[in-house]
Amino acid sequence: GDLLPADGVFIQGNDLKIDESSLTGESDQVRKSVDKDPMLLSGTHVMEGSGRMLVTAVGVNSQTGIIFTLLGAGGEEEEKKDKKGK
């Protein structure tokens, strides 16, 4: 169960299975391959196999970072509405 720290493209490895439930809610493990479904997302866990990836995004630019930014932005908008209402 290593946690992926960044988004990237799977470029080399064998029998890689990823738990993407933290992002998708889907409990099934996803098999990754260079030819089919090579995207690896930050915040997901490696369940089986090994591999190498080319990092494409980190921090707020990663899929997890974008989700957290959007969640934070929604909270700020609600706070502004509450202040205007008072």
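Some observations on this one:
- Pairs, first over 13 Å from residue 2 (Cα atoms) in region 16-29, second of a type in the set (Val, Ile, Thr) and open to solvent by 50 Å² or more (accessible area, probe 1.4 Å), C-beta under 9 Å, six or more apart: 23/67
- Residue that is nearest to residue 64 (Cα to Cα) [pool: residues in region 26-50 that are part of a loop (DSSP other than H, G, I, E, B) and open to solvent by 60 Å² or more (accessible area, probe 1.4 Å)]: 26
- Test: residue 64 is surrounded by fewer than 14 Cβ atoms within 10 Å (Cβ to Cβ) and either β-branched (Val, Ile, Thr) or on the phi < 0 side of the Ramachandran plot (or both): no
- Count of region 1-25 residues, restricted to those that are of a type in the set (Ser, Thr, Tyr) and either assigned to a loop (DSSP other than H, G, I, E, B) or modelled with pLDDT of 90 or more (or both), is 1.
The values are calculated or read from the model by the stated rules, or taken from the named source; none is laboratory data. In this text, all values refer to a predicted model and were calculated from it rather than measured experimentally. Here the Cβ is made from the backbone with ideal geometry for all residues, glycine too, and neighbour counts use every protein chain on show. Side chains included, ligands, DNA and RNA excluded: accessible areas come from the protein's heavy atoms. Shrake-Rupley method; radii C 1.70, N 1.55, O 1.52, S 1.80 Å.
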